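K.L.:
Before anything else, here's the structure in question.
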Amino acid sequence: MEICTIGGYEEVGKNMTAVKIGDDVIIFDAGIFLPAVIELQEEGGQRYSESKMREVGALPNDLVLDQLGWKDKVRAIVVGHAHLDHVGGIPYLAKRYPKANILATPFTMEVLKSIITDEKLTMNNKLIYVKENSVNFVQGKKGKIKIEFIHTTHSTIQCAFIALHSKEGIFFYALDFKFDNYPGLGLPPNYKRFRQLGQKGINALVVDALYSGTDKKTASERVASHMLEDSFSTVRNKNGAFFVTTFSSHIARLDKIVEFGRKTNRKIVFLGRSLNKYVMCAEKVGMAPFRNKVEMKKYRGQVNAFLRDLEKNRGKYLVVCTGHQAEPGSILDRITQGDTPFKFRKGDNLIFSSSVIPAPVNMAARERMDKKLRRQGVRLQTDVHVSGHAGAEDLRDLIEMLKPKHIIPAHGSIEQETPLIKVASEFGYKLGTTSHLTSNGKLLKI
């Protein structure tokens, strides 16, 4: 079993891994590096060109597969969930693998299709919708290749671990996850199947190590729900504006925002293309129970017309919008900069039901935004949120269930991945022998 760690092994983003068994290669994920895209937007650059995206480091460097002679052996691209750092690079890269089918759960596939449409890209690869907890087959050179999608939980819906079954054992791909027994929407993880595969024999585990240095179990979405309800209870200025910002893809969180928002007797309005995109994708797969309880404003003209009304009727609405990472051009960024008909005033409320992505450009941008908002007199509540990434306790549980022969940390810098090596050592894994710190573009032979 040969594993090429293409991207996501030195940074948070552009996740991509390729596994070769015999003459067949399967690619797992192909994401973008969001900070590079944000910088491109700040420069006013064209973000839709593959060459420009490569130039700024927004795409994983899959050209390493050409050097290895693997490019023409790629049989499928499989995707674990709908976040852009896992799926966002596929429209740019898939044409390099024209014979590769793309497999993903329905919500993930709908998000992929929306990216292709929104960014006016073309992709001719066959798209195959798969169910969670299903076994699927793709054609290899000498027979069928078995690929299994097993339900897990993260901070969006219809997420899956992916198991590649082969004569060399099982390759298990666990990006991203936390073990949430009360996920809000959808079911808890399929622990029974994890244990069954562990008994069958896992050869290699690539696993989300972003918060492996956090000595706790990552809190459930149920905890975030209680935090959010408490934060709503503090908003007492009935004549002030009330905003909430969160991840557009966090459908369970949006559901709770609407549930608590309805108790305020304010009309709930979702602003922006990103929220519209993810909500519509969730509705297509029957997982947007709140859709008929909100108004959505997608286009710039609609948004500005609404903001003019909001300026006059500040106590009438609860606004849910994008911009929690202070992304240039996001609605919250434009309001903060004074570029819309609505202006924040003293006593307005803003809840960040999100965390800052731990990358320097994001952290610096949010620090600047928060300072401006405070100067404008806005009452901020930040980090009303729980992470979607596994803490050390989740990782211990996963290792105990899967019992892999080899562990490979992913989804962060070397500093962020190293704590998982320490966790693995508790189970007898040895660095360089059965646990492996690697980097982008490297090849591991197991």
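Every read-out reported here was derived from the displayed coordinates using simple, explicitly stated rules and does not represent laboratory data. Keep in mind that what you see is a predicted model, and the values were worked out from it rather than measured. Note: ideal-geometry Cβ built from the backbone for every residue, glycine included; neighbour counts use all protein chains shown.
K.L.:
Counting Lys +1, Arg +1, Asp -1, Glu -1, what net charge surrounds residue 393 among other residues with beta carbon under 15 Å of its beta carbon? It would help to have the intermediate numbers written out before the result.
P.N.:
Details: positive: 178, 216, 217, 396, 422; negative: 180, 208, 215, 394, 397, 400, 426.
In short, -2.
K.L.:
Oh, and also: Can you sort 433, 264, 5 by how many other beta carbons sit within 10 Å, fewest first?
P.N.:
Sorted ascending by nearby Cβ count, the order is 433, 264, 5.
K.L.:
Restricting things to alpha carbons, tell me how big the chain is in terms of Rg and Dmax, in Å.
P.N.:
Gyration radius and largest Cα-Cα distance of the chain: 21.8, 69 Å.
K.L.:
So, one more: Using the Cα centre of the stretch 221-381 as origin and beta-carbon charges of +1 (Lys, Arg) and -1 (Asp, Glu), tell me which of 341, 233, 294 is placed farthest towards the positive end of the dipole.
P.N.:
341
K.L.:
Less than 12 Å Cβ to Cβ from residue 309, Lys/Arg counted +1 and Asp/Glu -1: what total charge do the surrounding residues give?
P.N.:
Value of the local net charge: +4.
K.L.:
R0 = 51 Å: FRET efficiency of residue 422 with residue 117, Cβ-based, nearest 0.05?
P.N.:
0.70
K.L.:
Same structure, new question: Based on the alpha-carbon gyration tensor of the stretch 322-446, what equivalent-ellipsoid semi-axes (square roots of 5 times the eigenvalues) come out, in whole Å, largest first?
P.N.:
So the three semi-axes of the stretch 322-446 are 42, 16, 10 Å.
K.L.:
What order do you get for 280, 401, 16 when you list them from fewest to most C-beta neighbours inside 10 Å?
P.N.:
Ascending Cβ contact count within 10 Å gives the list 280, 401, 16.
K.L.:
Further question on the same structure: Ignoring solvent entirely, what values of log10 I(q)/I(0) come out of the Debye formula for the stretch 221-381 at 0.14, 0.16, 0.20 Å⁻¹ when each Cα is a single scatterer?
P.N.:
Here log10 of I(q) over I(0) equals -0.66, -0.89, -1.48.
K.L.:
Using every alpha carbon pair in the stretch 316-383, what percent of pairs falls into each 5 Å bin from 0 up to the bin containing the largest distance?
P.N.:
Reading upward from the zero bin: 3, 17, 30, 31, 14, 4, 1, 0.
K.L.:
In debye, nearest 20: dipole of the stretch 221-381 around its Cα centre with unit charges on the Cβ of K, R (+) and D, E (-)?
P.N.:
Working: 32 positive and 15 negative charges, 117 e Å.
Its charge dipole is roughly 560 debye.
K.L.:
How far apart, in nm, are the 7 Å Cα→Cβ label points at residue 444 and residue 368?
P.N.:
Those two pseudo-labels are separated by 3.8 nm.
K.L.:
Something else: Excluding same-chain residues fewer than 8 positions from residue 52, which lysines have a Cα within less than 30 Å of its Cα?
P.N.:
Straight-line reach from residue 52, under 30 Å: 14, 20, 71, 73, 95, 99, 113, 120, 126, 277, 298, 442.
K.L.:
Give me the net charge for the shell around residue 141: Cβ to Cβ below 14 angstrom, other residues only, Lys and Arg +1, Asp and Glu -1.
P.N.:
Charge balance near residue 141 sits at +4.
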